[in-house]
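First the structure, in the form of structure tokens, and then the observations on it.
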Amino acid sequence: DEIPYSRAFYELYQGAIYMHQAKPFLITKLDIKKYIAIAQPLKHCAYYTSAQNHTDADPIDILDIWPLGNICRTGLVRVHSHVWGYRKICKHTGKFLSSHEFSLPPLEFITRGIWLDLPQEAIHEISQANLDLHHGIHACTHAILNIVPLFVVCDNTDVNAEHVYISQKRPRPARIIIFDTRPGGIGVAHAIFRRIYAVISEALRLITECPCHAQSGCPSCLFSASCTAHNLALDSRAAIIIFRAILKCLSPTTQVEEKEQKSLSPLKRPVLASFDDESPSSSPLEISANQNDITRRTRRRASALRRAAMLDDAATNGITVRSGWAPCLPDFQPGFDSSRESQSQQKM
């Protein structure tokens, strides 16, 4: 049997139980230099093995910044994975039997990723509610990973994130980071960056509208098959706080309102000046008309900024936006089959 080189560290380490054609095999030796693993067939095995590992993803270069909020960035990410042991677990009861450690060289590669720094108000609110911040970040990454295929044509294994373990003691920054699992990237993280507001909104809806209402989530909302931490250390309540704070920072409407309040002096603010400074020469009808004009201008300005931020102008005007980090191929156009068209017309 043949498997990818990176999967050998997780499935073919010495002592692992490897399943091939529904038959168990015990891995007795892994030779990384010769790309060979020696397996011994077993007649019966009452346990299975699970690799113990951790993955750290650290940004090394910023290529683009989301124009609103200054918390969302995309760029190059260095992914460092280290498999350092495995556990034996009983098949029938799921009981933990034993733990073993070994030494394998780490896997490291550079790819494309997207990361969001958590707003301080979210960190403060989670602390006040006595919730675990890193468990909330872990739940956020799971929700995003489950939502990504709705926005980008990809497989669940094309993107991944840092996963949090219950016994984790390694200090990690307060941020959500999603990265492509292929070295160099395949464009999924960049596509998420362009649709980040919609992705976060849908991830929040996934958690809040799930009928389970469980703090640790369920397979319908937070559980992920690619989680190396066995879907533990999840906190949906902390995730909701984080997502709402992020959406508040990324919202175009919030940013426009803050800028307008700073740019308008007290004498130029439309609502206060229209009614407090009413003069005898100005009738209520004229004041109402002026206020409606200002309101319409404000709405048009907010709408224009929203379209520019979400790249709606480019899509509406037919402009093709291409990133410069990798060569882009022309869009695939399927060929027109005239025979099928004629057959369909005959059937109709």
Once neighbouring chains are kept in place and the probe is 1.4 Å, which whole percent of the accessible area of the range 87-142 is contributed by carbon and sulfur?
50
How far is it, in nm, from the label point at H82 to the one at N130 when both lie 7 Å from their Cα along the line to the Cβ?
3.5
With the 1.4 Å probe rolled over protein heavy atoms, the range 113-223 has an accessible area per residue in Å² of 46
On the protein heavy atoms, probe 1.4 angstrom, tell me the percent of accessible surface of the range 200-245 carried by carbon and sulfur.
54
Using a 1.4 Å probe on the protein chains only, how many percent of the accessible area of the range 1-66 belongs to carbon and sulfur?
53
Taking the range 55-142 and dividing mean pair separation by its residue count, relative contact order in percent (alpha carbons under 8 Å, at least six apart)
25
Rounded to whole Å², per residue accessible area for the range 3-61 with a 1.4 Å probe reads 62
What full-extension length gain, to one decimal in nm, is calculated for F109 and A46 as 0.36 nm per residue of separation minus the Cα-Cα distance?
19.1 nm
For the ranges 61-69, 123-131, what's the packing order if you count other beta-carbon atoms within 10 Å of each residue, average per peptide, and put the highest first?
61-69, 123-131
Label point distance in nm, I65-F102, each placed 7 Å from Cα along Cα→Cβ:
4.6
Could you list the residues of the range 15-58 with an amide nitrogen less than 12 Å from a label point located 7 Å from the Cα of R7 in the Cα-to-C-beta direction?
19-21
The range 1-53: trypsin sites (Lys or Arg not before Pro) falling in loop per DSSP and having at most 14 other Cβ within 10 Å:
K33, K34, K43
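The values are calculated or read from the model by the stated rules, or taken from the named source; none is laboratory data. Computed from a predicted structure; not experimentally measured. Backbone-built Cβ (ideal geometry, glycine too); neighbour counts: all protein chains shown. We work out accessible area using only protein heavy atoms, side chains counted, and drop any ligands, DNA or RNA first. Shrake-Rupley method; radii C 1.70, N 1.55, O 1.52, S 1.80 Å.
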